[in-house]
Amino acid sequence: MSNLAILFKSLFSSDNQSDRVVPPSGFTARLTVFASGAMAFLTVFALALSLASGRLASRWGDELAHSSTLRISAPAEQMAEQVQTALRVLDTTPGVALARALTADEQKALLAPWFGPDLPIDSLPVPQLIEIVETEEGYDGAGLRLRLQAEVPGAVLDDHTRWRKPLEQAAGRLRLLGWVAIALIAATTAAIITLAANAALAANAQVIQVLRLVGAQDGYIARAFVRRFTLRALSGAAAGMVLGLGAVLLLPPAQDAGGFLTGLGFTGAGWLVPFVIPPLAALVAFLATRTAANRVLSELP
């Protein structure tokens, strides 16, 4: 029988006599419920971090993958001619869907975060920017650079590769960090529940000996501990998950101005993902308690 089948059988098959083997309250009960709740609360935020990192990587990739920028630096009297030449070259380049020169107001808005809104852009030798939108197939970057070098000496093509890859790598590492955090939380939960189960078994050593004298098998005793601790972990994790979701709801929604820090919540079907935390916590508690119970019972005289 699989672990999941044993878990469901132990949870939904009540035995009032075997339940009395485990004290219904006390230090081990409070420790199990608190640890499961706290770890579930932290897991909600680790999941939010992982899912938000995935969305961030996709957004950065989509925004930068099919766009490029052409920067033209030339004397004022040659700027208009070079811009027209560059646009003509781009219009005849396969893979370029759209090419347009940014207006003075648009360039001023791009520079405003660094130099303020009162920058006299008309009186400064600011390069002219041309926005390039690619088709799905994209264009030949090397070939386009050669054409521009020959026809527009002051043009510099930026295909955003040097921006996109580090950002996508950073988002991917954040997502990996979130899953590592979840694994560490699960391991910590298992360790705490194991310690609590060991303490409960040690505290009830005399009761276990009496049960053995009247014919109780170790499997019967172990199931009593496993069921009680699994239910405690399930209830604690459910409470922690609800509190975690409530805390996530208090986070500010995603905004362009706030960037990544305002997009840590769940979206769409992602809100259903935290609901797997309580069953997984119960499974971790089940495996940890069964292992601890079997080991301790085999060591008791």
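Derivation of every value follows stated rules applied to the coordinates shown; laboratory data play no part. Since the structure is predicted, the reported quantities are computational estimates derived from the model, not experimental observations. Note: ideal-geometry Cβ built from the backbone for every residue, glycine included; neighbour counts use all protein chains shown.
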In whole Hz, the Karplus estimates of ³J(HN,Hα) for the stretch 88-93 (6.51, -1.76, 1.60; θ = phi - 60°; x where Gly or Pro) are 5, 5, 5, 5, 9, 9
Leu177-Ala112 pseudo-label distance in nm [points 7 Å out on the Cα-to-Cβ vector]: 3.2 nm
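Would you mind ranking Asp91, Asp158 so that the residue whose beta carbon has the fewest other beta carbons within 10 Å leads the list?
Exposure proxy ranking, most exposed first: Asp91, Asp158.
Take the alpha carbon gyration tensor of the stretch 142-238, find the square roots of its eigenvalues, order them as a ≥ b ≥ c, and report rounded if a/c is under 1.5; if not, report prolate when a/b exceeds b/c, else oblate.
On the way: a/c = 7.28, a/b = 6.62, b/c = 1.10.
In terms of gyration-tensor shape, prolate.
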Can you give the extra length, in nm with one decimal, that the chain gains between Asp158 and Glu131 once fully stretched, where that is 0.36 nm per residue apart less the Cα-Cα distance? 8.7 nm
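If the only charges are +1 at each Lys and Arg Cβ and -1 at each Asp and Glu Cβ, what is the size of the charge dipole of the stretch 106-254 around the Cα centre, to the nearest 20 debye? Walk me through the intermediate numbers first.
Working: 13 positive and 13 negative charges, 325 e Å.
It works out to roughly 1560 debye.
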Would you please give the FRET efficiency between Asn294 and Lys165, computed as 1/(1 + (r/R0)^6) with r the Cβ-Cβ distance and R0 = 51 Å, to the nearest 0.05? 0.50
Could you rank the peptides 98-106, 39-47 by their average count of other C-beta atoms within 10 Å per residue, with the highest value first? 39-47, 98-106
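Indicate the gyration tensor shape class of the stretch 73-183 (rounded, prolate or oblate), computed on the Cα atoms with a ≥ b ≥ c the square roots of the eigenvalues: a/c under 1.5 is rounded; otherwise a/b larger than b/c is prolate and the rest oblate. Write down the numbers at each step before the final one.
Numbers: a/c = 2.94, a/b = 1.46, b/c = 2.02.
In terms of gyration-tensor shape, oblate.
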